[in-house]
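Each value in this text was obtained by applying a stated rule to the coordinates, not by laboratory testing. This one's a predicted model, so the numbers in the text were calculated from it and none came from an experiment. Backbone-built Cβ (ideal geometry, glycine too); neighbour counts: all protein chains shown.
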Amino acid sequence: MRIDIITLFPEYFDVPLATSIIGRAVKSELVTFHLHNLRHYAIDTYGTVDDTPYGGGPGMVLKVDVMKRALDGVRASNPDNPPYIILLTPQGKMLKQSVSQDLASKPWLVFICGHYEGFDERIRSYIDLELSIGPYVLSGGEPAALVTIDSVVRLIPGVTGHEESTIEESFSMQDSTGKPLIEYPHYTRPEEFEGKGVPDVLLSGHHAEIAKWRLAQAEERTNRHDMND
């Protein structure tokens, strides 16, 4: 998979993209990252990427002509295979496991990270998906891009090394109706710690009963989570 990121702060991604699972995916050549400083696509010699909003109001708005020039520059590296372009925005579709799974199947993703007051509305005509990681506002799209990238890259075959680990985890498990479930509890050694023990069923070696218990626990956790929303 190829992932391009258009941002005003490319240095923001230096450490996260070289660390842990994402870093191993890069070393294994399962994913490549290309960072693009939006200022390099400015129309003027001052590197201007934003301007005051028409109609007045506080803040600055990212310019459509600069963003279009950046997107054209990204596409030019592989004009025969158009990328899937994602705009990180509070108004976007909520990031869920099903969204991450869909994005993980695409060969080329482009993330647009905004800043300042917002985007010129016309930028939306050049994207494929508006995406949000939650009902709150961040200082920029960079944190949201990192969250999304982490959730996507770990689903690429070969990245985790244990494909079943991405199947039996939160929101990948489903109940009999197809509803995504939060993952069941896990235990490891020691068998007892400060008076708290491991459930007997996990020590039984009875795989069918263990699977039944895990499903019940996942359903109970999911229902409790839904009630607390």
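Under the simplified labelling scheme, the K96-D65 pair shows an inter-label distance of 4.1 nm, with each label point 7 Å from Cα along Cα→Cβ. Please list, in order, the residues from segment 35-49 whose amide nitrogen is less than 12 Å from a point placed 7 Å along the Cα→Cβ vector of A76. Of the residues in segment 35-49, 41-42 have backbone N under 12 Å from the label point off A76.
Think of it as helices only: each DSSP H run of n ≥ 4 in the chain is worth -39500 (n - 2.57), and spread over all residues that comes to -8500 deg cm²/dmol at 222 nm. Each of Y126, T148, F193 was scored by the projection of its Cα onto the charge dipole of the chain, and the greatest displacement toward the positive side belongs to Y126; charges sit on the C-beta of Lys, Arg, Asp and Glu. Length gained on full extension, E121 to H40, computed as 0.36 nm times the residue gap minus the Cα-Cα distance: 27.0 nm.
About the centre of its Cα atoms, segment 21-165 shows a dipole size close to 160 debye [charges on the beta carbon of Lys, Arg (+1) and Asp, Glu (-1) only; nearest 20 debye]. How far is the Cα center of segment 1-31 from the Cα center of segment 78-145, in Å? That distance is 16 Å. Placing +1 on the Cβ of every Lys and Arg and -1 on the Cβ of every Asp and Glu, with nothing else charged, gives segment 1-90 a dipole about its Cα centre of roughly 200 debye. For P(r) over Cα pairs in 10 Å bins from 0, in percent, the value calculated from this model appears in (1) 7, 26, 29, 20, 12, 5, 2, 0; (2) 7, 29, 32, 20, 8, 3, 1, 0; (3) 8, 33, 37, 18, 4, 0 under label (1).
Spin-label pair H186-T19: with each label point 7 Å from Cα along the Cα-Cβ axis, the two points sit 2.0 nm from one another. Selection among I182, T222, V159 by position relative to the dipole of the chain gives V159 as farthest towards the positive end (Cβ unit charges, Cα centre). When you restrict to C-alpha pairs under 8 Å that are six or more residues apart and normalise by the size of segment 82-145, the relative contact order lands at 54 percent. With contacts taken as Cα pairs under 8 Å and at least 6 residues apart, the chain reaches a relative contact order of 19 percent. Rounded to the nearest 0.05, the FRET efficiency derived from the C-beta distance between K27 and Y136 at R0 = 30 Å is 0.35. Residue separation of Q174 and D51 scaled by 0.36 nm, minus their Cα-Cα distance, works out to 39.6 nm of gained length.
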